[in-house]
Amino acid sequence: MDTEKLRAYCLSLPGVHEGIKWEDHLCFMVAEKMFCITGMTDASGVSFKVSQEDFEELTERNGIIQAPYFARNQWVAVEKRNALKPKEWEHYLKQAYELIKAKLPKKVREGLSE
């Protein structure tokens, strides 16, 4: 998945906005909580939150590692974007969004437009 497709998909999720952090990282957030981070080019890796079960499975694949600084919170880093198929990208990005959204206060979750 190239950066523009990734960006379009993430921004299509309810209540998501983007921002730049650490000078050159494109971050996708719901209620100021990050669920996906990437660089500005298609060659950049992509990091996102996953479930505990998926964390174990994905980090066994070639091109996917534990995300530096975020691994203790079950984030993976996809170093080679072709390590995931297009449908897998959508599945894991949606899951990352839902995992972060689920931890938001109820009032904030209810305020997100569907």
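Would you list, by chain and number, the aspartates and glutamates whose Cα falls below 15 Å from the Cα of LYS103, excluding same-chain residues fewer than 8 positions away? Partners found: GLU32. Over all projection directions, the Cα-based convex hull of the chain averages an area of 6.7 nm².
Between the DSSP loop rule and a limit of at most 11 other Cβ atoms within 10 Å, which chymotrypsin sites (Phe, Trp or Tyr not before Pro) in region 43-73 are left?
Details: sites: PHE48, PHE55, TYR69, PHE70; in loops: TYR69, PHE70.
Sites meeting the loop and neighbour criteria: TYR69.
Of all lysines in the structure, the ones whose alpha carbon falls short of 28 Å from that of LYS80, not counting any fewer than 8 places away in one chain, are LYS5, LYS21, LYS33, LYS49, LYS94, LYS101. Once the Cα-Cα distance is subtracted from the 0.36 nm per residue extended length, the MET40 to LEU112 segment shows a gain of 23.2 nm. The value of relative contact order for the chain, using C-alpha pairs under 8 Å at least six residues apart, is 25 percent. Its DSSP H runs of at least 4 residues, each contributing -39,500 (n - 2.57), put the calculated 222 nm mean residue ellipticity of the chain at -10500 deg cm²/dmol, to the nearest 500.
No value in this document is a laboratory result; all are computed from the given coordinates. Every value quoted in this text rests on a predicted model; they were computed, and no experiment measured them. Note that each Cβ is placed from the backbone with ideal geometry, even for glycine, and that neighbours are counted across all protein chains shown.
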